[in-house]
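Reading through the structure tokens given below for one structure.
Each reported figure results from applying straightforward, stated rules to the coordinates on display, with no laboratory input. From a predicted model like this one, the values you see are computed outputs, not experimental measurements. With ideal geometry, Cβ positions are generated from the backbone for all residues, glycine too; neighbour counts draw on all protein chains shown.
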Amino acid sequence: MATRSRIPAALLAAGAIIFATACSTDADSNAQDSSAPTTAPTAEVGPTTSEPDSSTSTSQDADATQTGPSDTGELLAVDAITAAEDLEPGGTVVSVDYERDQSAWEVEILTESGEGIELLVDAQTGEELGRMPTNLDEEQMAAPSVSAQDAANSGLEAKPGTITSLELEREAGIIIWQLDITADDGSEWELDIDSETGEVLSTEQD
């Protein structure tokens with residue numbers, strides 16, 4: 001009985017050794033597969049794009065901002081005042097402003113009947129492009145001793161150039177004409193002129 005029981009045990013031991021060897025072989029094979037180098041996909045290179053040249057655009061923008069009535073052959077402020085007074089006889093000009101984007105002068109007038117109107121005057125022809133009622137400031141509700149035309153002439157004598165804006169205002173208790181002038185050298189100036197005497201009260205560079 002003892003001899004019979006040892007034979008199956010030997011066979012079982014041999015089978016276990018064979019099974020363990022096979023498992024070890026498979027593990028080695030798997031390890032080799034996992035350690036194999038992988039090839040990364042090659043990134044696609046798209047067409048290159050060049051940045052637009054901003055210098056041309058900047059130059060064009062600069063030219064646009066420098067455009068004014070003096071260098072486009074358009075009516076000057078004194079011409080716009082005359083045109084507005086012809087369009088509204090008996091009226092008093094209290095404000096003039098050049099609108100570059102419309103190529104027109106925006107002129108505010110105190111009418112003979114004491115009402116405020118705003119005229120849009122074509123800077124090329126002096127013709128009326130439109131009009132509408134407007135609320136004037138208190139200091140603009142009476143005609144000053146010095147007219148807009150006289151104030152413009154006084155301002156240009158003090159600072160030769162091109163008027164882009166002229167308005168009747170109150171400052172420090174005094175009613176003045178305030179002018180914006182682009183001088184012949186391109187510099188920007190603001191002038192205050194006494195609306196009663198025509199005296200130039202201040203000249204400041206912006």
Given a cut-off of 24 Å, what percent of all Cα-Cα pairs of the range 73-205 lie beyond it? 23
Separation in nanometres of the label points that stand 7 Å from Cα toward Cβ, at Glu115 and Thr134: 1.6
Modelled FRET efficiency - R0 22 Å, Ser103 with Glu190, Cβ distances, 0.05 increments: 0.40
Other-chain or far-sequence residues with amide H under 5 Å of Glu74's (modelled H): none
Wrap a convex hull around the Cα atoms of the range 166-206, take a quarter of its surface area, and give that in square nanometres. 2.9
